[in-house]
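J.: The following block contains the structure, expressed as structure tokens.
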Amino acid sequence: MDNKVQRVAVVTGASQGLGKAIAEKLLSEGKKVAFLSRSQKKLDLLREQHLDKASRDEAVFMAVDVSEHEATKQAVHDILSKWDRIDILVNNAGIRTQTSIEDMTLEEWDQIMSTNLASTFFVSQAVMHAMKEQKWGRIINMSSIGGQDGPLTSSAAYCASKAGQLALTKVFARSLAPYGITVNAVSPAAVRTPEMDNVPTEKLEKMIQMIPIGRVGEAEEVADLVSYLTSENGGFVTGATFDINGGRLMR
Ligand SMILES: NC(=O)c1ccc[n+]([C@@H]2O[C@H](COP(=O)([O-])OP(=O)(O)OC[C@H]3O[C@@H](n4cnc5c(N)ncnc54)[C@H](O)[C@@H]3O)[C@@H](O)[C@H]2O)c1
């Protein structure tokens, strides 16, 4: 194992929630991290918070819509020009809707599929050439219990996109294993996000009743799991899906 290389990580959807916690965890471990997200405003705030690392050239903050594949390709190109390598990709950006089967439109379906599923494919496609040359890489796809259990609290399009990520995880894992690249999925449920602050107490309590551990999860707990999977020691784990859901779904 080569522990001397300073690993370069790309995290999509890193402006808040799980993506932010993961990007900050990887940064705290001494990796160089590209924070990718849609919102320039939120990225500017993050840049201010991490000014020491940004000025030491260990963090970059890039406004990119991952559903625009040419733009993400360009972002990957820019990161490679700057840091010369990409070791870790966390496909975390995602949108969730609760639209019923009856009310789903083609427009909403396409938006969810291109943000959650097609981006997972095309960003992985864009980074894998560098990883293959390096003979080392870690790709994490942030799926969801929605892709495993089809809960009625999420739209069919969301659930299908998250199930699709699990299939892509296996296809990429098999194809990239000979190059020292591992590909795994993380499948959370009920992890605290900024959005959860607006959920009425009664609804939140109902949700917690369905979780054997008896509480919601924290973004830092997901970040710790991703930290292991992307570590030097994570090389013998590939094509797997890691549930992090307080026991809400047991398989
Ligand atoms: N929080 C949970 O309990 C939970 C459960 C299951 C799955 N997930 C998955 O984890 C991931 C992160 O979820 P979260 O709860 O932190 O969500 P969030 O809404 O708090 O954050 C999502 C992030 O993705 C970014 N994003 C959305 N669309 C984008 C686009 N087109 N281009 C670039 N960035 C985009 C947002 O700007 C934001 O930074 C998602 O893929 C979600 O489906 C979360």
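The values are calculated or read from the model by the stated rules, or taken from the named source; none is laboratory data. For clarity, every value in this text was computed on a predicted model and none was experimentally measured. Neighbour counts are summed over all protein chains in view; Cβ atoms, including those assigned to glycine, are modelled from backbone coordinates with ideal geometry.
J.: Of the residues A156, A126, which single one is more than 12 Å from the ligand (Cβ to nearest atom), in contact with a Lys or Arg (Cβ under 6 Å, 6 or more places away or on another chain) and modelled with pLDDT of 95 or more? Don't jump to the end; show me each part of the working.
T.: Working: A156 fails: in contact with a Lys or Arg (Cβ under 6 Å, 6 or more places away or on another chain).
Answer to the selection: A126.
J.: Kindly establish whether I101 is of a type outside the set (K, R), more than 15 Å from the ligand (Cβ to nearest atom) and touching a strand residue (DSSP E or B) at 6+ places or on another chain (Cβ under 6 Å).
T.: no
J.: A further question on this structure: Among the candidates M196, M142, single out the residue that is near the ligand (Cβ under 10 Å from one of its atoms), surrounded by fewer than 20 Cβ atoms within 10 Å (Cβ to Cβ) and not aromatic (F, W, Y).
T.: On the way: M142 fails: surrounded by fewer than 20 Cβ atoms within 10 Å (Cβ to Cβ).
Exactly one residue qualifies, and that residue is M196.
J.: Another question about this same structure. Among the residues of the range 28-70, which ones are within 15 Å of the ligand (Cβ to nearest atom), small (G, A, S) and out of contact with any strand residue (DSSP E or B) (no Cβ under 6 Å at 6 or more places or on another chain)?
T.: Within the range 28-70, S37, S39, A63, S67 meet the criteria.
J.: Related question: Mind telling me which of the residues S161, S114 ends up being within 12 Å of the ligand (Cβ to nearest atom) and closer than 26 Å to R251 by Cα?
T.: Working: S114 fails: closer than 26 Å to R251 by Cα.
Sole residue among the options that is within 12 Å of the ligand (Cβ to nearest atom) and closer than 26 Å to R251 by Cα: S161.
J.: Can you run down the residue pairs with Cβ atoms below 6 Å, 6 or more apart or on separate chains, where the first is in the range 184-197 and of a type in the set (S, T, Y) and the partner is more than 8 Å from the ligand (Cβ to nearest atom) and not in a loop (DSSP other than H, G, I, E, B)?
T.: Note: pairs meeting the criteria are S187/T241; S187/D243.
J.: Take the residues of the range 157-183 that are without any contact (Cβ under 8 Å) to a residue 40 or more places away in the chain and surrounded by 12 or more Cβ atoms within 10 Å (Cβ to Cβ): which is nearest to H129 (Cα to Cα)? Write out each step before concluding.
T.: Residues of the range 157-183 that are without any contact (Cβ under 8 Å) to a residue 40 or more places away in the chain, as a first pass: 159, 163, 167, 171, 175, 178.
Next, from what is left, pick out any that are surrounded by 12 or more Cβ atoms within 10 Å (Cβ to Cβ): 159, 163, 167, 171, 175.
Values: C159: 29, A163: 25, A167: 21, V171: 16, S175: 12 Å.
Filtering the range 157-183 for residues that are without any contact (Cβ under 8 Å) to a residue 40 or more places away in the chain and surrounded by 12 or more Cβ atoms within 10 Å (Cβ to Cβ), the one nearest to H129 (Cα to Cα) comes out as S175.
J.: Condition check: more than 30 Å from G30 (Cβ to Cβ), under 20 Å from the mean Cα position of the chain (by Cα), surrounded by 17 or more Cβ atoms within 10 Å (Cβ to Cβ) and touching a residue at least 24 places away in the same chain (Cβ under 8 Å). Does A223 satisfy that? Give the steps one after another, and end with the answer.
T.: Numbers: more than 30 Å from G30 (Cβ to Cβ): no; under 20 Å from the mean Cα position of the chain (by Cα): yes; surrounded by 17 or more Cβ atoms within 10 Å (Cβ to Cβ): yes; touching a residue at least 24 places away in the same chain (Cβ under 8 Å): yes.
For A223, the condition - more than 30 Å from G30 (Cβ to Cβ), under 20 Å from the mean Cα position of the chain (by Cα), surrounded by 17 or more Cβ atoms within 10 Å (Cβ to Cβ) and touching a residue at least 24 places away in the same chain (Cβ under 8 Å) - is not met.
J.: Moving to a separate point now. Could you check how many residues of the range 1-27 are touching a residue at least 60 places away in the same chain (Cβ under 8 Å) and more than 16 Å from the ligand (Cβ to nearest atom)?
T.: Adding up the residues that qualify gives 6.
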